[in-house]
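Participant: I have a structure I would like to understand better, so I am pasting it below and will then ask my questions one at a time.
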Amino acid sequence: MRRAALLIQAVALVATVLCTTSTAAAQTATAQITGTVRDATGAVMPGVKVIGTNQLTGLTRETKTSNNGDYVIPLLPVGTYVVTGEQQGFKTAVHSDVPLTVDQIQRVDMLLEPGSLTETVEVRSNALALDTANATVGQTITEKQVTELPLNGRNFLQLLFLGAGAVETGGEQGAMRQGVGNAISIMGARPTSNNFMIDGTANIDTSLGTPAAVLSVDAIQEFKEQTTTYSAEYGFSSNQINIVSKTGTNKLSGTGFGFFRSEGWDARNFFDDKSSPKPKLDQKQFGLVVGGPVMLPMYDGRNRTFFLVNYEGTRIDRGSTAFYTVPTPDQLAGRFTSTITDPLTGQPFPNNTIPQSRFSRLAQLALRSNWFPAPNSSAAQGNYQAVRTFPQQQDQFTLRGDQDLAHLGRVFVRYTKTTYNNTSPGSLMDAGNRVFEQDTSNWQVSH
């Protein structure tokens, strides 16, 4: 078993050395715990052993206080921790349920009382913790909010509207992806100037200014939005959205889901023709997530090696009512009510009618092929009303592995792939529709 453990750790370390990506800001996907340890008289205590332990994965980091009694445990994955302070001749101080969110500096000061190490003084951190070491303005969207708040279409970026100053601007950013939530203006900035990151690495579609890969809500631990006074390490002139992908824990767990909608449960659009059937809606979203420790016949990965696999698929056929302006029968025949001048002679056409022999070859082809439907509406926005259905297909896949290397640190590998195939109207004819196809991959090796 020990040989298998050493082999897995060696492979992980080699992968880190060979595949390290140039990510200057990867540390922004982590957090840190800091504080000061004092005795019952209020004097600072140097040399106290301080241990931080992740309650779900068993990840443990250890440090000692300085001569000033201060300590720092940096680069901790987000989660809930137990912080312990130990010193010979004093009771053990335990602070449990200490929450760490992305890019947070959490302060945990400890007071050690005289006594035996076997005696414990426990403090639960149930109150809301304030980050007093960082002046950044923004909000953290927790895992509970991501997974439990209702999202039409399961696009987690809609949760940005929970913060102040966020509005949807529409446009092609939303039409080409998952709709509402991709084209967002925050604090008056352009929607193309937001900086999207996954685990601290860039995740930006440079052509649209939107996230290149939109993770499933089941693959997200949490994410943080920063709007002003953030650190210079981020770059960009506008807002920062830093997503932390979910990792496996010591407990093997999984979820499967399916969400389905049809036109039978949807109301009509105000402009729909009441005498016609409802526009079609066939929406399916399905997927699964599985994560836990790596368990092999000769290896127990609890507290050391974890995996997470996530897949989400979306299939939508959505009908919508649209208005167009098409030629009237008189216009197709070349008949007009106002005077039409022959450009060759400078004289009006007889009866204000253009002979079909003078039509261009393209116009004659359009007439023979019946490209233009007959008007069917007297609405001001167009004389032809049509209900058209456009398909939308998306697939998202995330695979992540984590390895604790003890005193050598921690390494994780993540691969995310997203494919889009969406159709939107470009003209009256289906041949003029716009088809958006894109394959996006985002991968990371971090130590």
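Participant: Within region 182-246, considering only strands (runs of 3 or more DSSP E) that don't extend past its boundaries, which have at least 2 residues that are free of Cβ contacts under 8 Å to residues at least 60 places away in the same chain and more than 25 Å from residue 287 (Cα to Cα)? Show your work before the answer.
Facilitator: Values: elements: 184-186, 195-198, 220-228, 240-245.
Fully inside region 182-246 and qualifying: 184-186.
Participant: On the given criteria, is residue 8 at pLDDT 95 or above, buried (at least 16 other Cβ atoms within 10 Å of the Cβ) and either not in a strand (DSSP E or B) or not assigned by TED's automatic domain parsing to the domain that holds residue 234 (or both)? Show your work before the answer.
Facilitator: Numbers: at pLDDT 95 or above: no; buried (at least 16 other Cβ atoms within 10 Å of the Cβ): yes; either not in a strand (DSSP E or B) or not assigned by TED's automatic domain parsing to the domain that holds residue 234 (or both): yes.
Against the criterion (at pLDDT 95 or above, buried (at least 16 other Cβ atoms within 10 Å of the Cβ) and either not in a strand (DSSP E or B) or not assigned by TED's automatic domain parsing to the domain that holds residue 234 (or both)), residue 8 does not qualify.
Participant: Of the residues in region 92-112, how many are touching an Asp or Glu at 6+ places or on another chain (Cβ under 7 Å), surrounded by fewer than 20 Cβ atoms within 10 Å (Cβ to Cβ) and of a type outside the set (Val, Ile, Thr)?
Facilitator: Matching residues across region 92-112 total 1.
Participant: A follow-up question, please. Kindly check whether there is at least one residue in region 421-430 that is of a type in the set (A, V, I, L, M, F, W, C), within 29 Å of residue 323 (Cα to Cα) and either outside any loop (DSSP other than H, G, I, E, B) or not assigned by TED's automatic domain parsing to the domain that holds residue 207 (or both).
Facilitator: No - not one qualifying residue is present in region 421-430.
Participant: If you don't mind, there's one more thing I want to ask. Kindly indicate whether any position in region 253-264 is more than 25 Å from residue 418 (Cα to Cα) and surrounded by 15 or more Cβ atoms within 10 Å (Cβ to Cβ).
Facilitator: yes
Participant: Can you list residue pairs whose Cβ atoms sit under 9 Å apart, with the first residue in region 38-57 being under 30 Å from residue 249 (Cβ atoms) and the second being among the aromatic types (Phe, Trp, Tyr)? Count only pairs 6 or more apart in sequence or on different chains.
Facilitator: 48/71; 48/90; 50/71; 52/81; 53/81; 54/81; 55/81; 57/306
Participant: Can you tell me which residue among 385, 392, 403 is assigned to a strand (DSSP E or B), crowded, with 16+ Cβ neighbours inside 10 Å and over 26 Å from the mean Cα position of the chain (by Cα)?
Facilitator: On the way: 392 fails: over 26 Å from the mean Cα position of the chain (by Cα); 403 fails: over 26 Å from the mean Cα position of the chain (by Cα).
Criteria check complete, one pass: 385.
Participant: For region 50-96, name all the residues that are aromatic (Phe, Trp, Tyr) and more than 33 Å from the chain's Cα centre (by Cα). Give the derivation first.
Facilitator: Step one: filter region 50-96 for residues aromatic (Phe, Trp, Tyr), giving 71, 81, 90.
Result: 71, 90.
Participant: Between a residue in region 333-360 that is part of a helix (DSSP H, G or I) and any residue that is surrounded by 10 or more Cβ atoms within 10 Å (Cβ to Cβ) and among the polar types (S, T, N, Q), which pairs come within a Cβ distance under 9 Å, given they are 6 or more apart or on different chains?
Facilitator: Correct list of pairs: 356/364.
The values are calculated or read from the model by the stated rules, or taken from the named source; none is laboratory data. Being a predicted model, the structure only gives us computed values, none of them experimental. Virtual Cβ from ideal backbone geometry, glycine too; neighbours counted across all protein chains shown.
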